[in-house]
Every structure is written in structure tokens, then in C-alpha cells.
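The values are calculated or read from the model by the stated rules, or taken from the named source; none is laboratory data. This is a predicted model, so every value here is computed, not measured. Using ideal geometry, Cβ is built from the backbone for each residue, glycine included, and neighbour counts are taken over all protein chains shown.
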Amino acid sequence: MSMLKDDKINYLNIGLMFATAVFAFFAPFETFLLAYAFLGPLHYLTEISWLHDRQYFTKGKYDFIVLLVIGVLLSTVAFAQDFGYKWEIYTYFSEMQLSSKLVVFALFSGMLFALVKNIFVKIVSCFFIFIFVSGWLSPENIEENQSSTTVFALTSLVPTLIHVYVFTGLFMLYGSLKSRSKSGLMAVVAVVILPLILVFVLPVNPKESWVSNYGKNAYYAKGQGFFNTNVEIMDHFGILDEPKLTNKQFLDSIVNSKTVNAGFTPNEKKRLNDSLQRKSKEPFVFYQLNDERFGQTIAVRKALPVNPKDYFWSSVFFSTFGIMLMRFIAFAYLYHYLNWFSKTEVIRWHKVPKIRFFAVIVLWLSACGFYIYDYSLGLSVLFFLSFTHVLLEFPLNMVSIVGIGKEVRSIYRNGFKPLNSDT
């Protein structure tokens, strides 16, 4: 590709970032919902097709099967949760924290597949990786891991915000360094600075914040939506405004709240009873978000006398930090998709057999139909594609990271010399 054409694409991307920031500023929830429902499925389908033609950037022809199987297992658990099936596999996953373990295992093994060709080394390494992850994220360490930002990032943020923002930025940086493109580096700087301005510089007035009823209900999606991700982030970093409860309210929340206690395992209930004996005289708030979608169950933590939806509603939609966080989420997701489609001529994801291209379009239109009919149903039906495409991309993420290191070393030795030939 000529440098002139490369520059045009990079300047287009900078323009798309500004447009994305505008939408994220004025209507962050609706911006995210529309991007996720209509651009998301087309991105999953086209990227999986593109990755398949490039052997998923792994050293072995069948390495991707490991990541695919993990996607199937996690999707089965999510399906059981969303549709209320009491499958043994779901109970087992919850009790053993297997979803968290599989997400982290997929990340580490995906990186391994990008670097190692010897099958014996890969098998042995995968075995030890799983042993390590199983011990690290075992139920016995749950209380310690709940406060760990590293564990939180690996289990909750890698499949979501790190995937759409950090890995996108790394992919852009690798491409810019590889082609020695100054305009590409300008785009990388813009993708860092614009969200900072959007979140921390532009004014936030919760009282004047607007979000439609559709936006609120679709974002919550009957308890299956990204609402839980916002709560997890705000809770982990101590942003939630938690009311002080009287002792009676605290006890009532434990004794009478079927909604809160329904998802607890026997071990969790035992710890809860022990907590009651120790802390019944203190103002205390307790809640559980039993959400396996993004690889983490927030286990026994705080007692809540009301439905989690009612409790967190204002924090997510009408608090200062809630709006700031949503602006970033909206920017990250919309630009992630736009970046992919803007580089069609570079990535050439559309260069596939006609029958596959036709299948992609049919599946995409069907996916849009599910979201239009019922947003929560769309999330459930499309979970396999949305989550598995993240897992299958892990080897590519590793290739980008290693590639950045190689290009930085080359530039250090030889200088930043623009490439005049097509790349």
C-alpha cells in the first residue's frame, strides 16, 4: 500500500475518533448499544473469518481448537444462566470459579500458541499453565482475589475493555511502527488523548444527563447486560455510593431477601452466616452479582436489602463517575468497530469466497434482528460469537506485542526511516 493511501486511512481514523467522541459525549449509553448490536456482530463474523484464513496467528494448525472449546464451555454456562437452566455444569463452574480460570488459561495459552511450534512443549506448558491458574484462582483464595486488581483485570477487563481499547491501540501501534508511518503514530496518540479529554476534561452534570428509557432497559437487559460490567468496575475501585443500613435492615436483607441469596453455594452461605455472627452490630451492605458472562463471579461480599437493579441504577446511569465511565466504554467499543472496518483495504477481511461472504451477511442480519426484537435475547444468542472472537484473537494480540518490541529495536538501531515500497 502506498504511503499516501496509508496516510489517508490514518487521517480517516483520527476523524472517526472525533466523531466517536461526540456521540459518546452526548449519548454514551445509546452509542454503545447501537454499536454493539449492529456493528459488533459483523465485526465478530468478519474477524473470525479473517483469523481463520491466517491460521489464527498460531504456530500450530489446530491450536485454535483449544480456544474454541473454551468458548463453547463458557457459552454453555452463560446460556444456562441466561435461560435459567439448572445444569450441573453451571453449578460446578460457579463453585469452582472455572469461568475465571478458563478465561485466564485462554489468555496465557493463546500467547503460548503464538510463540511456540513444538507440540510437546505446548502440551506440557498448557498443563502447567492450567495447574498454576487453578491454584491461583481456587475458591480457597476467593477473598484475596476479589481485592486483586490483577485478577479483576484478567477476568473481567481483558474480555471487555482491554480487548476493545488496549489491544486495538497495540494493533495500531504495531502497524504504524512496521510501516514507519508518522500519521499512524498520530492516530495512536489521538486514541490515547481523546478518551482522556472525553472523560476527564469535558464537563459532567449528572442532573442534566440524558439517557432514554430504551437505553436504560437495554443496557440492563434483564440483568444480563453490560450494566453488570459497570457495577463491577465501580465496585472494585470503590466508586459506588453505599448507604448505611441499620442493624435491622442488615438482618432483614439476609433473612428475607430471596433474590440475593438464591445464587449462593453452600460454602458461600456458611461464610455468610459466620459474617452475621461477627458483624451483625455494624452498618453493612451485602450483594452478589452472579455473572459468568465475563469470566468472574462476584461472590459473597455485601448484603443488600433490595434488588441489585434498584440499588445500582442511579450509580450507573446518573452519577458523575457512572457517566464518565460510560463515555469511555462507548468510545472504546464504537471506535474498535470503526477502526476494523476503516482498514478493510489494509486487512482485506472481505477477500473471502463468495459463499462465505454471503453467509456472513445472512448471519449478521439475523443477529441484528435478535437485538431489535429483544436486546437481552440478542446478548444471549450472540454470546458465543462475541466472547469466542475475543479468545481467538489472543494469539494475534501476542504477535502485536512482540512485533512492537521488534520494531522499536529496529528503529533504535536504524532510525525511523519511512518505507516507500508497498507493505
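Descriptive notes on the structure:
- Meets criteria (touching a residue at least 40 places away in the same chain (Cβ under 8 Å), closer than 20 Å to Ala19 by Cβ, within 18 Å of the chain's Cα centre (by Cα) and buried (at least 21 other Cβ atoms within 10 Å of the Cβ)) for Val164: yes
- Taking the numbered list (1) in contact (Cβ under 8 Å) with a residue 60 or more places away in the chain; (2) at negative phi in turn, Leu185 passes all entries but (1).
- When residues of the range 68-84 are limited to those that are closer than 10 Å to Phe383 by Cα and polar (S, T, N, Q), the one surrounded by the most Cβ atoms within 10 Å (Cβ to Cβ): Ser75
- Of everything in the range 197-223 that is outside any helix (DSSP H, G or I) and at pLDDT 85 or above, the residue that is surrounded by the fewest Cβ atoms within 10 Å (Cβ to Cβ) is Pro203.
- Just one residue in the set Gly135, Gly175 is under 30 Å from Lys8 (Cβ atoms), part of a helix (DSSP H, G or I) and modelled with pLDDT of 90 or more; that residue is Gly175.
- Flag for Gly403 being at pLDDT 95 or above and touching a Lys or Arg at 6+ places or on another chain (Cβ under 7 Å): yes
- Selection from the range 50-64 of residues that are surrounded by fewer than 19 Cβ atoms within 10 Å (Cβ to Cβ) and within 21 Å of the chain's Cα centre (by Cα): Trp50
- Looking only at the range 318-377, residues that are small (Gly, Ala, Ser), within 18 Å of Asn10 (Cα to Cα) and crowded, with 21+ Cβ neighbours inside 10 Å come to 1 in all.
- Within the range 379-404, considering residues that are closer than 25 Å to Ser100 by Cβ and among the small types (Gly, Ala, Ser), the one surrounded by the most Cβ atoms within 10 Å (Cβ to Cβ): Ser400
- Single condition Ser183 does not satisfy, out of (1) in the same structural domain as Leu107 (by TED's automatic domain parsing); (2) surrounded by fewer than 17 Cβ atoms within 10 Å (Cβ to Cβ); (3) over 18 Å from the mean Cα position of the chain (by Cα): (2)
- So His350, is it more than 17 Å from the chain's Cα centre (by Cα) and assigned by TED's automatic domain parsing to the domain that holds Ile9: yes
- So Thr168, is it assigned by TED's automatic domain parsing to the domain that holds Leu12, farther than 15 Å from Asn13 by Cβ, out of contact with any Cys (no Cβ under 7 Å at 6 or more places or on another chain) and part of a helix (DSSP H, G or I): no
- Counting the residues of the range 225-240 that are among the aromatic types (Phe, Trp, Tyr) and touching a helix residue (DSSP H, G or I) at 6+ places or on another chain (Cβ under 7 Å) gives 2.
One line per residue, one yes/no per condition, for (1) at pLDDT below 95; (2) of a type in the set (Phe, Trp, Tyr):
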| position | (1), (2) |
| --- | --- |
| Tyr311 | yes, yes |
| Val316 | yes, no |
| Phe321 | yes, yes |
| Met326 | no, no |
| Tyr333 | no, yes |
| Trp340 | no, yes |
| Thr344 | yes, no |
| Ile347 | yes, no |
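- Odd one out for Phe286, checked against (1) at pLDDT below 70; (2) surrounded by fewer than 18 Cβ atoms within 10 Å (Cβ to Cβ): (2)
- Residue pairs meeting the criteria (Cβ under 7 Å; at least 6 apart or on separate chains; first touching a residue at least 12 places away in the same chain (Cβ under 8 Å), in the range 119-145; second surrounded by 14 or more Cβ atoms within 10 Å (Cβ to Cβ) and of a type in the set (Asp, Glu)): Pro139/Glu95
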